[in-house]
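As structure tokens, the structure follows; a few thoughts come after it.
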Amino acid sequence: MKSPNKRTLTHNRLRTAVQKMVLGSKWQEVTVQDIAKDADVSIGTFYNYYDSKDEALKDVRQCLSELLFKDISILVNTQSNAIEKLAILFKYFATLVSSKPSWADYLFRGAAFDERLEGGLQSLIIPMLLEGSKDNVFRVDNVKLAASFLEQGAFPIIKKAYEDGLTLNDKDIAVIAKLILSTVGVAEDQLDTVSNQICPVTPLAPLPVSILNYARQTTIGYV
């Protein structure tokens, strides 16, 4: 396998440094100097890659979103219908609070899902709502509005548990899933069965993660 060139390695160090800053500090207090120092590069080198620290965060957000969405896709594809898919999606994020604390730090220090995830959750929720509406298991008049409502409603609930240092157990996570499913009109006789299904622990690597090394690993096999 061909070794990465110097520019790729430097870019990877900058991305890892940005992750450390996001996880360990208030982003508004982070400076370009902080990022450059952690990446062991000059400030001038930083500006060879990014115009600002927020552009650097946008780049890292895109990289981490790809990792997260790949993980979610694998999980969702194990579910047999739209109800199970929607439930497992929100269980996934609730489960991160306890099982993947560094990812919880990254996600729930933000103000909303779309602050730390490219495009938020709507790109995932909308196809599920369309599928469920077609199968007559969801009662949704406006799919885009419903997707936005679910995303914006679930985030503060999970964020509050994260901020309070709570461990969300299976019962807590089932309640969140039941609330989501009730909102889109899932029949009462299906709520308990689907809501009580356990979300498996996922294979996400803890943050900060080397995007370069992760890309190498996934060319061989999913980690």
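The values are calculated or read from the model by the stated rules, or taken from the named source; none is laboratory data. Predicted model only: the values in this text are computed from it and were never measured. Counting neighbours? That spans all protein chains shown, and the Cβs are built from the backbone with ideal geometry, glycine included.
Worth a mention:
- Flag if Ser102 is polar (S, T, N, Q) and in contact with a Phe, Trp or Tyr (Cβ under 9 Å, 6 or more places away or on another chain): no
- Checking each residue in segment 120-169 for being small (Gly, Ala, Ser) and either farther than 21 Å from Asn81 by Cβ or surrounded by fewer than 19 Cβ atoms within 10 Å (Cβ to Cβ) (or both) picks out Gly120, Ser123, Ser133, Ser148, Gly153, Ala161, Gly165.
- If you go through segment 195-214 and keep only what is in a helix (DSSP H, G or I) and either of a type in the set (Asp, Glu) or under 18 Å from Thr78 (Cα atoms) (or both), you end up with just Ser195.
- Being in contact (Cβ under 8 Å) with a residue 12 or more places away in the chain, β-branched (Val, Ile, Thr) and more than 30 Å from Gln33 (Cβ to Cβ) is a description that applies to Val143.
- Members of segment 180-192 that are touching a residue at least 24 places away in the same chain (Cβ under 8 Å) and either acidic (Asp, Glu) or more than 20 Å from Ser80 (Cα to Cα) (or both): Thr183
- Every test in (1) assigned to a helix (DSSP H, G or I); (2) in contact with a Pro (Cβ under 9 Å, 6 or more places away or on another chain) is passed by Thr78 save one, and that test is (1).
- Matching residues, segment 77-91, being surrounded by 21 or more Cβ atoms within 10 Å (Cβ to Cβ) and either under 13 Å from the mean Cα position of the chain (by Cα) or at pLDDT below 95 (or both): Leu89, Phe90, Lys91
- Sole exception among (1) out of contact with any Asp or Glu (no Cβ under 9 Å at 6 or more places or on another chain); (2) within 26 Å of Tyr162 (Cβ to Cβ) for Ala36, by number: (2)
- Selected residue (criterion: surrounded by the most Cβ atoms within 10 Å (Cβ to Cβ)) from residues of segment 1-34 that are under 18 Å from Phe108 (Cα atoms), in contact with a helix residue (DSSP H, G or I) (Cβ under 7 Å, 6 or more places away or on another chain) and not hydrophobic (A, V, I, L, M, F, W, C): Gln19
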